[in-house]
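Here's the structure, in structure tokens; my notes come after.
The values are calculated or read from the model by the stated rules, or taken from the named source; none is laboratory data. Only a predicted model underlies this, so the values are computations on that prediction, with no experimental measurement involved. So basically every Cβ, Gly included, is an ideal-geometry build from the backbone, and we count neighbours across all protein chains shown. Remember, those area values only see protein heavy atoms, side chains included, never the ligands or the DNA or RNA. Shrake-Rupley method; radii C 1.70, N 1.55, O 1.52, S 1.80 Å.
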Amino acid sequence: MALYAKAAEILEKVERKQATVKTLVYDSKFQNIKQLFALVCETQKFSSILQEIIESTKLLKQTKIKMNLAKVLVYDLVIGKGLKCGGAWKALMMKHRSRLQAALARMKIKQKVSRNQDLLSSSLQHPEGDQLPRYVRVNTLKTTVEDAIDYFKREGFSYLGQAYRLDDLNLKGKSFVGDLHLSDLLVFSPKTDFHDHNLYKAGHIILQDKGLWICLCTTVYLISQQASSHVLDACAAPGNKTSHLAAIMKNKGRLFAFDLDAKRLSTMSTLLLRAGVTCQQLANQDFLKVDPDGPQYKDVEYILLDPSCSGSGMVCLRDEASPSQKEQDKRRLQALAAFQLHCLNHALRFPRLQRLVYSTCSIHTEENEQVVAACLLQNPGFRLVPLLQQWPERGLAPLTKCLRASTTKTLTHGFFVALLERHTAQRLEEQASETLNLVAEMSPSSPSTSKDIHEADITEGGDEVQEPISTKDMDMAEEANPTEENTETSGMKKRKKKKDGDKEVLEHKITEEQTNTSGRAKKKKNAKVE
């Protein structure tokens, strides 16, 4: 009975987009992890079919059990290998067995198939997630990339070196490579399982999709330049992002992490302990209720904001939605986008904030470009910063300085990242001056440091939740905020004008001096003649 109760609980959390199936299963501490994982995955795969069987037989009305529990029981009873429980639930389900089997048989006759598997859509029969590489981050708080590679090689894995193209990530068997974008990321063939591996249990490696590391790597060069940065992870649980931030910070400075769910925060505390994180300050608190002007946050300069989203980019969370579900999802998207914009506006109120990373694991424009575009219009004190110019998938125009990802173009789950930077008028002038100096001093062999080009200005928002703007208004956001190139050009024109003016004044003074000198010489000559 415990197996079915836990499986139903995990399915409910997956529906609420709380986490992936694998994360929830391994966090459950269930005695037989593999059995639980298989039941949840198979039930999720046949979810729409099971729901149709349950509704056509009116099982919920007759048994008084909830839908997700009914799904896992019906799956094992009529599709799987039989119920693995006894007692009241088994007795209850056996009463309805013949009706449930008859409903399944009618579905197969209607669709003219003979196997249960053939009832599934082609996308469910061959899930995209099965083709994605296994990404493994080396936790540099506990080990080095070189040591991790040596460990895997001793275990029989074959290291093929550094990847240079996306095709290099199409791996098979026990081959692995270093990622082409991130130095602390190793890439293995799909379905390589490390959950029982010694390095994982010891916190030396972290398992997570590459999309998360991309959104975090945008802060690497910012934080690493500071001796002891104060960083805030606004929606932190289950803790993988926080542990990576701590590694970037080398456990120096202070790392504030918030989450509203006490249980998730407790799990996160355990994960951070295993990962060797010591600079964290956890709080079981709603980020929207955190006072940005609080004395403890006066030095916060960097924020990672990864708010609740639809999870539509996560391959394992996708399913075939009915028309009624699509309408419900549309309303949910609108509510999520308003919440995300509210979170962004609140985060930008921290007085010393310099840069903020906004990320989602969503593929929907409503949660991504439209939220950022609305923020650009409402917050003229900040602007977009371009990210990873070599990354193959960009944000939708005109916000192409943001990043997107997908299973086809980047071999990751779907995600979106934007980097916002505070930009005052004084800083614009300083940067224009710095750029001119760099251009003057730059030699052909030295790398260009003028890549920090920014896109659109963004200000401080109020507490009121505002609706994101439409795609049509995104161009207005771009036009409303001058690009750095235009700003620098304007600055150069002003300096050139000033320089020309100074030159005219100088020439006037020289002419005046020459005139005076000539006059004095003439008087002296006349005096001698007399």
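Here are the numbers for the structure shown:
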read-out: Packing rank of 374-381, 232-239, where each peptide gets the mean count of other beta carbons within 10 Å, highest leading; value: 232-239, 374-381
read-out: Å² of accessible area per residue within the stretch 135-188, as computed with a 1.4 Å probe and no ligands counted; value: 50 Å²
read-out: Value of D in µm² per second that Stokes-Einstein yields for the stretch 135-188, Kirkwood Rh from Cα pairs, at 20 °C (1.002 mPa s); value: 191 µm²/s
read-out: Protection proxy ranking, peptides 140-150, 174-184, average beta carbon neighbours within 10 Å, highest first; value: 174-184, 140-150
read-out: Sequence-separation-based contact order of the stretch 135-188, relative, with Cα cut under 8 Å and 6+ spacing, percent; value: 39 percent
read-out: Kirkwood-Stokes translational diffusion coefficient of the stretch 1-119, alpha-carbon pairs, 37 °C, 0.692 mPa s, µm²/s; value: 224 µm²/s
read-out: Fraction of antiparallel bridges per DSSP, the stretch 135-188 only, in percent to nearest 5; value: 65 percent
read-out: Percent carbon-and-sulfur accessible area, the stretch 1-119, ignoring ligands, DNA and RNA, probe 1.4 Å; value: 52 percent
read-out: Per residue accessible area of the stretch 286-412, 1.4 Å probe, in Å²; value: 38 Å²
read-out: Residue-count net charge about I79 - beta-carbon cut-off 12 Å; Lys, Arg +1, Asp, Glu -1; value: +3
